[in-house]
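The values are calculated or read from the model by the stated rules, or taken from the named source; none is laboratory data. This one's a predicted model, so the numbers in the text were calculated from it and none came from an experiment. As a convention, Cβ positions derive from the backbone with ideal geometry for all residues, glycine included, and neighbour counts pool all protein chains shown. Side chains included, ligands, DNA and RNA excluded: accessible areas come from the protein's heavy atoms. Shrake-Rupley method; radii C 1.70, N 1.55, O 1.52, S 1.80 Å.
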Amino acid sequence: MSQKYHRAFGCYGIIGNSNELVVIRKNAGPYINRYDLPGGSLEDGEELAKAVVREVKEETGLEALHFDQIGVTSFRYPWDYQEWHYNQHICVFYRITSFTGKLQQNVKQFAGQDSLGAVKLPLAKINIQNSSPLVLKAKEYLLRPNEFSLQDQTYTDWQIPQKPLF
């Protein structure tokens, strides 16, 4: 029996406050042309915490100094990719409270890089039309930090925009 779901796994950083969030402009995958959280897949044998530090630096120019893992959940949605028709994105979220560096609106491009660069986005401008489920989750967390839900979420009608919404 063939599997219907592709599984993706990654570590993601929440950098922001009750007014704004650091997001990347995504240029690949099911969140292409939307805002997404900085983060991504692990390299072979890489520790979770090291993955989030590396990914955040590659995608934003910021180096995380202090951070805490706040939870793991997954998002399911329709997505045609190779032989699969659905995706289950399993995400480890980290709250980054201290960092160095300068936010890069344009970042170095290389094989596997799916960020065009980072921006600070007002929470009021974040919505389902322009952002990934991860960004929506981060917005919820920043508005209610003591209520991080571990409940998986399903989006039955996930749309992939044909042009950038940022």
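Rolling a 1.4 Å sphere over the protein heavy atoms, what is the accessible area per residue of the stretch 53-100, to the nearest Å²?
46 Å²
Using a probe radius of 1.4 Å on heavy atoms only, what accessible surface per residue do you get for the stretch 12-51? Whole Å² is fine.
Solvent-accessible surface per residue comes out at 38 Å².
Output the 0 to 90 degree angle, nearest 10, between the alpha-carbon long axis of helix 133-143 and the longest principal axis computed from the alpha carbons of the chain.
40 degrees
Of the peptides 147-155, 94-102, how do they stack up when ordered by the mean number of other Cβ atoms within 10 Å, highest first?
Descending mean neighbour count gives 94-102, 147-155.
Say we join alpha carbon atoms closer than 10 Å with springs in a Gaussian network model of the chain; which of A51, A111, A124 then has the biggest fluctuation?
Among A51, A111, A124, the largest GNM mean-square fluctuation belongs to A111.
Just list whichever of K4/K120; K26/K102; K4/K139; K26/K137; K4/K108 have alpha carbons separated by over 27 Å in the model shown.
K4/K120; K4/K139; K4/K108
Quick check: pseudo-label points 7 Å beyond the Cα along Cα→Cβ at Q162 and I70, how many nm apart are they?
Rounded to a tenth, the inter-label distance reads 3.7 nm.
Between rounded, prolate and oblate, where does the stretch 51-166 land on the alpha carbon gyration tensor, with a ≥ b ≥ c its root eigenvalues, rounded for a/c under 1.5, else prolate if a/b exceeds b/c?
Oblate.
Quick one: compute the contact order of the stretch 1-106, relative version, from alpha carbon pairs under 8 angstrom and 6+ residues apart, as a percent.
34 percent
May I ask for the angle, rounded to the nearest 10°, between helix 48-60 and the longest principal axis of the chain, with both axes built from Cα atoms and the value confined to 0 to 90°?
That helix lies at roughly 80 degrees to the long axis.
Taking the simple approach of a point 7 Å from Cα along Cα-to-Cβ for both A28 and A124, what is their distance in nm?
Modelled inter-label distance: 3.6 nm.
Taking 0.36 nm per intervening residue step and subtracting the Cα-Cα distance, what contour gain separates I90 from N106 on full extension?
My answer for the length gained is 3.1 nm.
Leaving out ligands, DNA and RNA, what percent of the accessible area of the chain is carbon and sulfur, probe 1.4 Å?
49 percent
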